[in-house]
Amino acid sequence: MAGFGSAPTLVKVFFILLIVGILFHIVGFATPYWSDDDYYSHNGLWRSCYYRHVYHGQQCFKTNFSASWFEATQAFQVIGLVAAFIGLILVILFIFVTQTSNNRTVYIIGMVAVLVAAGCTILSIIIFGSKVSALSWSFALAVIGGILYGVAGLLMLINMLKR
């Protein structure tokens, strides 16, 4: 294959879905709007921000939740993001590097990494969503990223079975 132009359409589609999924996931992962109380605070995985007064803005601090469900959410989000990057690197190797473009092992490991990313991201979303009621846009972006990982992984599986 060795090039995006010569890649089959299905390969192009899952490659683009994976990139878009990672972008959504990174923004959701990094921003402090997983939950939002319109009047007092908004919280993310890593930072919590509290409104001091309408005219005085807000103060943000490192999130200090020590509940096991919150730590599990953080851990699965990190594992999901790392697995997505590993999958992306392997897919890039499969598509663009001549020496690995026909290597089935690179493809399969990349597919497994993308499916692990989907599973970990969705699992963390389920954990967080079951404990918090006032969900916000960062959470939604992480959900979209997890769904895109799942679709990309399934398309990779379909492509592998077609060959």
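Here are some notes:
- Residues (within 20 Å of S6 (Cβ to Cβ) and touching a residue at least 60 places away in the same chain (Cβ under 8 Å)) located in region 94-150: F94, I95, F96, V97, T98, S101, N102
- Matching residues, region 29-54, being farther than 19 Å from G129 by Cα, among the aromatic types (F, W, Y) and touching a residue at least 12 places away in the same chain (Cβ under 8 Å): Y39, Y51
- Of all residues in region 68-91 being more than 12 Å from the chain's Cα centre (by Cα) and touching a residue at least 60 places away in the same chain (Cβ under 8 Å), the one that is surrounded by the fewest Cβ atoms within 10 Å (Cβ to Cβ): W69
- Boolean, F76 is in a helix (DSSP H, G or I) and touching a Cys at 6+ places or on another chain (Cβ under 8 Å): yes
- Hits in region 14-40 (condition: over 19 Å from V116 (Cα atoms) and surrounded by fewer than 17 Cβ atoms within 10 Å (Cβ to Cβ)): V27, A30, D37, D38, Y39, Y40
- Qualifying residue in region 32-40 (condition: at pLDDT 80 or above, assigned to a helix (DSSP H, G or I) and closer than 30 Å to M156 by Cβ): no
- Look at region 15-28: where a residue is in a helix (DSSP H, G or I) and a partner is at pLDDT below 95, sitting 6+ places away or on another chain with Cβ atoms under 6 Å, you get F15/V91.
The values are calculated or read from the model by the stated rules, or taken from the named source; none is laboratory data. These numbers were taken from a predicted model, which means no experiment stands behind them. With ideal geometry, Cβ positions are generated from the backbone for all residues, glycine too; neighbour counts draw on all protein chains shown.
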